[in-house]
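Novice: Quick one: the structure is below, and I'll ask about it shortly.
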Amino acid sequence: MPDASEFESAFEVTLRGGGTLRVRLVRDSDLDEIVRFGAAVRRTTEFTSIAEGEDWDGERWTKEIEKGQPGSAGLLLVALDDDEIVGYAGLQTPGKGKSRHVTTLAMMIHERYRGVGLGRALLSRLLGWARARGDILKVELGVMHTNAGGIALYEKLGFREEGRLLKKFRQADGSFEDDIEMGLWVG
(Lines give C-alpha, C1' and ligand atoms only; values in the text may rest on other atoms or scores of the structure.)
Protein backbone atom coordinates (compact mmCIF):
# COMPACT_ATOMS: atom_id res chain seq x y z
CA MET A 1 0.00 0.00 0.00
CA PRO A 2 1.46 3.38 -0.98
CA ASP A 3 1.97 6.09 1.61
CA ALA A 4 -0.68 8.84 1.59
CA SER A 5 1.98 11.50 0.95
CA GLU A 6 2.63 9.95 -2.47
CA PHE A 7 -0.79 11.26 -3.54
CA GLU A 8 0.06 14.81 -2.49
CA SER A 9 2.55 15.52 -5.27
CA ALA A 10 1.66 17.55 -8.35
CA PHE A 11 0.69 15.69 -11.52
CA GLU A 12 -0.58 16.33 -15.05
CA VAL A 13 -3.90 15.28 -16.55
CA THR A 14 -4.19 14.66 -20.28
CA LEU A 15 -7.71 15.56 -21.32
CA ARG A 16 -9.84 13.66 -23.81
CA GLY A 17 -9.82 15.72 -26.96
CA GLY A 18 -6.37 17.13 -26.25
CA GLY A 19 -4.75 19.43 -23.79
CA THR A 20 -3.02 18.98 -20.46
CA LEU A 21 -3.76 20.46 -17.07
CA ARG A 22 -1.53 20.65 -14.01
CA VAL A 23 -2.96 19.48 -10.68
CA ARG A 24 -1.44 20.33 -7.31
CA LEU A 25 -2.31 20.86 -3.70
CA VAL A 26 -4.06 24.08 -2.86
CA ARG A 27 -1.89 26.89 -1.46
CA ASP A 28 -2.68 29.90 0.70
CA SER A 29 -1.71 32.09 -2.26
CA ASP A 30 -4.59 30.56 -4.29
CA LEU A 31 -7.22 32.39 -2.24
CA ASP A 32 -8.11 35.18 -4.70
CA GLU A 33 -8.15 32.81 -7.67
CA ILE A 34 -10.32 30.28 -5.80
CA VAL A 35 -12.84 32.98 -4.87
CA ARG A 36 -12.98 34.01 -8.55
CA PHE A 37 -13.28 30.39 -9.68
CA GLY A 38 -16.07 29.56 -7.23
CA ALA A 39 -18.07 32.59 -8.34
CA ALA A 40 -17.58 31.69 -12.02
CA VAL A 41 -18.74 28.11 -11.49
CA ARG A 42 -21.78 29.26 -9.55
CA ARG A 43 -22.76 31.55 -12.43
CA THR A 44 -22.39 28.84 -15.08
CA THR A 45 -24.02 25.79 -13.53
CA GLU A 46 -27.12 24.82 -11.64
CA PHE A 47 -25.25 21.91 -10.01
CA THR A 48 -23.67 23.83 -7.15
CA SER A 49 -25.43 24.21 -3.81
CA ILE A 50 -24.09 27.76 -3.48
CA ALA A 51 -27.08 30.02 -4.12
CA GLU A 52 -27.11 33.26 -6.08
CA GLY A 53 -25.82 36.07 -3.89
CA GLU A 54 -24.17 33.54 -1.58
CA ASP A 55 -20.71 33.46 -3.17
CA TRP A 56 -18.12 32.17 -0.79
CA ASP A 57 -15.92 34.98 0.39
CA GLY A 58 -12.24 34.91 1.23
CA GLU A 59 -12.84 34.00 4.88
CA ARG A 60 -14.89 30.91 4.02
CA TRP A 61 -12.41 29.77 1.36
CA THR A 62 -9.51 30.37 3.77
CA LYS A 63 -11.07 27.83 6.13
CA GLU A 64 -11.46 25.33 3.27
CA ILE A 65 -7.84 25.84 2.18
CA GLU A 66 -6.58 25.28 5.74
CA LYS A 67 -8.52 22.00 5.95
CA GLY A 68 -7.01 20.76 2.71
CA GLN A 69 -3.27 21.24 3.15
CA PRO A 70 -0.67 18.60 4.07
CA GLY A 71 -0.67 17.91 7.76
CA SER A 72 -4.39 18.56 8.03
CA ALA A 73 -7.00 15.85 8.09
CA GLY A 74 -8.24 16.66 4.58
CA LEU A 75 -6.82 17.12 1.10
CA LEU A 76 -7.73 19.79 -1.47
CA LEU A 77 -6.49 19.72 -5.06
CA VAL A 78 -6.70 22.43 -7.71
CA ALA A 79 -6.47 21.92 -11.47
CA LEU A 80 -4.81 24.70 -13.42
CA ASP A 81 -4.84 25.75 -17.05
CA ASP A 82 -1.74 27.92 -17.03
CA ASP A 83 -2.36 29.83 -13.78
CA GLU A 84 -6.16 29.78 -13.93
CA ILE A 85 -7.95 27.41 -11.54
CA VAL A 86 -10.43 25.38 -13.59
CA GLY A 87 -11.25 22.63 -11.11
CA TYR A 88 -11.02 21.77 -7.49
CA ALA A 89 -11.77 18.65 -5.50
CA GLY A 90 -11.25 17.84 -1.89
CA LEU A 91 -11.89 15.39 0.86
CA GLN A 92 -12.91 17.30 3.94
CA THR A 93 -11.89 16.59 7.48
CA PRO A 94 -13.21 13.19 8.54
CA GLY A 95 -16.12 13.07 10.94
CA LYS A 96 -15.82 12.94 14.69
CA GLY A 97 -16.62 10.26 17.21
CA LYS A 98 -18.34 7.24 15.73
CA SER A 99 -18.16 8.69 12.21
CA ARG A 100 -14.47 9.61 12.23
CA HIS A 101 -13.85 6.99 9.52
CA VAL A 102 -16.01 8.97 7.05
CA THR A 103 -14.95 11.89 4.88
CA THR A 104 -16.95 14.07 2.48
CA LEU A 105 -16.11 14.88 -1.14
CA ALA A 106 -16.52 18.37 -2.54
CA MET A 107 -15.79 19.01 -6.21
CA MET A 108 -16.33 21.81 -8.73
CA ILE A 109 -15.24 21.73 -12.36
CA HIS A 110 -15.49 24.69 -14.72
CA GLU A 111 -18.01 23.97 -17.48
CA ARG A 112 -15.31 24.04 -20.20
CA TYR A 113 -13.56 21.10 -18.51
CA ARG A 114 -16.50 18.80 -17.79
CA GLY A 115 -16.70 15.47 -19.57
CA VAL A 116 -13.02 15.37 -20.59
CA GLY A 117 -11.55 13.30 -17.75
CA LEU A 118 -10.62 15.98 -15.23
CA GLY A 119 -13.21 14.98 -12.63
CA ARG A 120 -12.20 11.32 -12.88
CA ALA A 121 -8.50 12.19 -12.47
CA LEU A 122 -9.11 14.39 -9.43
CA LEU A 123 -11.44 11.91 -7.77
CA SER A 124 -9.17 8.94 -8.48
CA ARG A 125 -6.28 10.77 -6.85
CA LEU A 126 -8.35 11.64 -3.78
CA LEU A 127 -9.63 8.07 -3.42
CA GLY A 128 -6.06 6.74 -3.63
CA TRP A 129 -5.05 9.15 -0.87
CA ALA A 130 -8.01 8.10 1.31
CA ARG A 131 -7.21 4.39 0.85
CA ALA A 132 -3.54 4.95 1.65
CA ARG A 133 -4.33 6.83 4.86
CA GLY A 134 -5.96 3.80 6.41
CA ASP A 135 -8.14 5.74 8.84
CA ILE A 136 -10.62 6.85 6.17
CA LEU A 137 -12.93 3.95 5.39
CA LYS A 138 -15.81 5.68 3.61
CA VAL A 139 -16.21 8.63 1.25
CA GLU A 140 -19.58 10.34 0.99
CA LEU A 141 -20.94 12.98 -1.36
CA GLY A 142 -24.15 14.71 -2.33
CA VAL A 143 -25.10 15.33 -5.95
CA MET A 144 -28.14 16.99 -7.50
CA HIS A 145 -30.41 14.49 -9.21
CA THR A 146 -30.22 16.34 -12.53
CA ASN A 147 -26.40 16.11 -12.67
CA ALA A 148 -26.34 13.02 -14.89
CA GLY A 149 -22.66 13.41 -15.78
CA GLY A 150 -21.61 13.63 -12.14
CA ILE A 151 -23.76 10.69 -11.12
CA ALA A 152 -22.38 8.57 -13.99
CA LEU A 153 -18.79 9.39 -12.95
CA TYR A 154 -19.42 8.55 -9.31
CA GLU A 155 -21.09 5.26 -10.21
CA LYS A 156 -18.20 4.30 -12.55
CA LEU A 157 -15.82 4.79 -9.63
CA GLY A 158 -17.94 2.58 -7.37
CA PHE A 159 -20.17 5.03 -5.49
CA ARG A 160 -23.69 3.84 -4.77
CA GLU A 161 -26.82 5.79 -3.93
CA GLU A 162 -27.56 5.60 -0.22
CA GLY A 163 -30.49 7.98 0.00
CA ARG A 164 -32.26 10.93 -1.47
CA LEU A 165 -33.22 14.21 0.16
CA LEU A 166 -36.27 15.36 -1.76
CA LYS A 167 -36.41 18.98 -2.95
CA LYS A 168 -33.39 19.96 -0.86
CA PHE A 169 -32.21 22.70 -3.24
CA ARG A 170 -34.28 25.47 -4.78
CA GLN A 171 -32.99 26.92 -8.02
CA ALA A 172 -33.24 30.59 -9.02
CA ASP A 173 -36.12 29.73 -11.40
CA GLY A 174 -38.13 28.27 -8.51
CA SER A 175 -37.60 24.61 -9.44
CA PHE A 176 -36.39 22.09 -6.89
CA GLU A 177 -33.53 19.59 -6.95
CA ASP A 178 -33.26 16.36 -4.99
CA ASP A 179 -29.93 15.73 -3.30
CA ILE A 180 -28.74 12.18 -3.94
CA GLU A 181 -26.48 10.98 -1.14
CA MET A 182 -23.83 8.54 -2.39
CA GLY A 183 -21.11 6.58 -0.63
CA LEU A 184 -18.08 4.44 -1.38
CA TRP A 185 -16.38 2.07 1.04
CA VAL A 186 -12.61 2.50 0.59
CA GLY A 187 -11.44 0.60 3.68
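The values are calculated or read from the model by the stated rules, or taken from the named source; none is laboratory data. This structure is a prediction, so every number in the text was calculated from the model and none was measured. Note that we place each Cβ from the backbone using ideal geometry, even for glycine, and neighbour counts take in every protein chain shown.
Novice: Among Ser49, Ser29, which is at pLDDT below 90, outside any helix (DSSP H, G or I) and among the small types (Gly, Ala, Ser)?
Specialist: Criteria check complete, one pass: Ser49.
Novice: Given the structure, is Ala132 under 25 Å from Glu12 (Cβ atoms), among the small types (Gly, Ala, Ser) and either under 12 Å from the mean Cα position of the chain (by Cα) or surrounded by 14 or more Cβ atoms within 10 Å (Cβ to Cβ) (or both)?
Specialist: It is true that Ala132 is under 25 Å from Glu12 (Cβ atoms), among the small types (Gly, Ala, Ser) and either under 12 Å from the mean Cα position of the chain (by Cα) or surrounded by 14 or more Cβ atoms within 10 Å (Cβ to Cβ) (or both).
Novice: What's the number of the condition Ile65 fails, among (1) in a loop (DSSP other than H, G, I, E, B); (2) hydrophobic (A, V, I, L, M, F, W, C); (3) at pLDDT below 90?
Specialist: It fails just one condition, (1).
Novice: Let me ask you something else. Hey, can you tell me all the residues within segment 74-87 that are farther than 17 Å from Gly128 by Cβ and either of a type in the set (Asp, Glu) or at pLDDT below 90 (or both)?
Specialist: Asp81, Asp82, Asp83, Glu84
Novice: Provide a single number: the residues in segment 139-187 that are among the charged types (D, E, K, R) and assigned to a helix (DSSP H, G or I).
Specialist: Step one: of segment 139-187, the residues among the charged types (D, E, K, R) are 140, 155-156, 160-162, 164, 167-168, 170, 173, 177-179, 181.
After this cut, where a residue has to be assigned to a helix (DSSP H, G or I) as well, the list is 155-156.
Summing the residues that are among the charged types (D, E, K, R) and assigned to a helix (DSSP H, G or I) in segment 139-187 gives 2.
Novice: Which residues, taken from segment 74-116, are hydroxyl-bearing (Ser, Thr, Tyr), under 17 Å from Leu141 (Cα atoms) and not in a strand (DSSP E or B)?
Specialist: First pass over segment 74-116, keeping only residues hydroxyl-bearing (Ser, Thr, Tyr): 88, 93, 99, 103-104, 113.
Those left that are additionally under 17 Å from Leu141 (Cα atoms): 88, 93, 99, 103-104.
Thr93, Ser99, listed by residue number.
Novice: Hey, Arg43 hits all of (1) at pLDDT below 85; (2) surrounded by 14 or more Cβ atoms within 10 Å (Cβ to Cβ); (3) more than 14 Å from the chain's Cα centre (by Cα); (4) charged (D, E, K, R) but one; which does it fall short on?
Specialist: Condition (2) is where Arg43 drops out.
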